[in-house]
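First comes the structure, then the notes that go with it.
The values are calculated or read from the model by the stated rules, or taken from the named source; none is laboratory data. Given the structure is predicted, the values throughout are model-derived calculations rather than measurements. Methodologically, a virtual Cβ is constructed for each residue, glycine included, from the backbone with ideal geometry; neighbour enumeration extends over all protein chains shown. Surface accessibility is based on the protein's heavy atoms, side chains included, excluding ligands, DNA and RNA. Shrake-Rupley method; radii C 1.70, N 1.55, O 1.52, S 1.80 Å.
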Amino acid sequence: MHPLQCVLQVQRSLGWGPLASVSWLSLRMCRAHSSLSSTTCPSPERQEDGARKDFSSRLATGPTFQHFLKSASAPQEKLSSEVEDPPPYLMMDELLGRERKVYLETYGCQMNVNDTEIAWSILQKSGYLRTSNLQEADVILLVTCSIREKAEQTIWNRLHQLKALKTRRPRSRVPLRIGILGCMAERLKEEILNREKMVDVLAGPDAYRDLPRLLAVAESGQQAANVLLSLDETYADVMPVQTSPSATSAFVSIMRGCDNMCSYCIVPFTRGRERSRPVASILEEVKKLSEQVLQLIHERDNICKQIHLPAQSGSSRVLEAMRRGYSREAYVELVHHIKESIPGVSLSSDFIAGFCGETEEDHVQTVSLLREVQYNMGFLFAYSMRQKTRAYHRLKDDVPEEVKLRRLEELITVFREEATKANQMSVGCTQLVLVEGLSKRSATDLCGRNDGNLKVIFPDADMEDVNNPGLRVRAQPGDYVLVKITSASSQTLRGHVLCRTTLKDSSANC
């Protein structure tokens, strides 16, 4: 087999691009030439024999096929602190957005939503501004999909619409730049550039880091493209920036690409080989999203200040046997953080008494956790082994039933004591209550829920409507009322109603 054919065959098996193969081959040839040029030229026979020995020696000491496989399967992540020098044909300030406004449109799957957030994060750091007004945009970027022909046709139609916008652009403004990002850019590369001369930038799914450079090149009037797929790009160091301020959900990408090669699917060819993000970067992103959630709960009156944190046990040893994935110390630290982030938050939890191998010391630690956290609500049960679970196959249900029940009673007693203490902090306060209906225990009382999801009981009586002074009304399910709390138990609060109000107008403060 010719050496070049051999190299190309290795390249295909590793998924290398042709440039990588040629560069590697050139390097090997260059090294060989360098080593030979430093010696005198022997006779042809000796030269051939020496070359054969030299090749055998270098082959024995050089990198093996497994070396390249290992390198391909364990890529090095780019560090966020790395700052690349600009290419020689651009100055550093040409890579800056200079407050040009970017308009982003997303088509296709949830992965494209995440890609949009990654692209915007990169552009934002380069000095671009975001706009939701198409007319004031200086840069329009379409994050595209190629999963079906209809998805691509949607983009072609959109480009025709944008062509008119670009043509009518006043000369007094900077030229409008239009870019195609994502799967369609990867699949149709040349066709997009040749068919639609109005497209200035093409960036494949693995080239979003290059967007500042591509846009800088486009500023000179040239078309700029980067559709190279990568074996290691996961954007692990790029924190996505949500593009919709009113978004009610967020996507966390844990991997990119696909190796399944389903016979009908284009994804492996538009997104490349499958690779996973480092766990640390995933956890960091989820942590930041969790922080945002806690902040929202604290700020928004229309979100209950209540969080359910199932503990199951207060013993780190038992938690490990349960495979919960956290220790008692980590759980307590989270509780303290939540209480600091949301003053007055109401906490609820689940606990299991008598899990496999639980000792008296483990039980005492669970009791102490109940006292330390002081939950407002709790769901406590004796352990009951279930078939097909890991515990059923690997552990022994060795805590006697009477011991389980005794420990459960102790947990319930301590929970009620601490919950009563916690709930009594509300006595004397005026709280906003959402009316649910009649109390199950009294036809003359109404029942509702306060901001901490605690049950509040109050008499079904006439009251003033704050929006209609002088009007006396009866509360109906779905109404908001202000109730002054007069007593508390471990499960309910009691009080007397003051008036009917609205979520917007209420101010239920102590």
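A few notes on this one:
- Cleavage-rule hits, chymotrypsin sites (Phe, Trp or Tyr not before Pro), the stretch 301-403, DSSP coil, Cβ neighbours within 10 Å at most 15: Tyr326
- Annotation: per residue accessible area for the stretch 423-510 equals 55 Å², rounded to a whole number [probe 1.4 Å, protein chains only].
- A 1.4 Å probe run over the stretch 323-396, with the rest of the protein chains in place, finds 56 Å² accessible per residue.
- Restriction of the trypsin sites (Lys or Arg not before Pro) in the stretch 110-187 to DSSP coil positions whose beta-carbon has at most 15 other beta-carbons within 10 angstrom yields Arg148, Arg168, Arg171, Arg173.
- Accessible area of Glu190 in the full protein assembly, 1.4 Å probe (Å², nearest 10): 120
- Carbon plus sulfur fraction of accessible area for the stretch 287-423, probe 1.4 Å, in percent: 52
- For the stretch 348-490, the Kirkwood estimate of hydrodynamic radius, built from reciprocal distances between every pair of different alpha carbons, is 18.0 Å.
- The Kirkwood hydrodynamic radius of the stretch 90-224, based on inverse pair distances between different Cα atoms, is 14.8 Å.
- Computed with a 1.4 Å probe on the full set of protein chains, the accessible area for Leu90 sits at about 20 Å².
- Restricting the stretch 429-507 to trypsin sites (Lys or Arg not before Pro) that sit in a DSSP loop and have at most 16 other Cβ atoms within 10 Å of their own Cβ leaves Lys440, Arg441, Arg474, Lys504.
- Among the listed pairs Lys125/Lys163; Lys440/Lys504; Lys421/Lys455, those whose Cα-Cα separation exceeds 24 Å are Lys125/Lys163; Lys440/Lys504.
- Cα-only radius of gyration and Dmax that characterise the stretch 256-356, units Å: 19.6, 56
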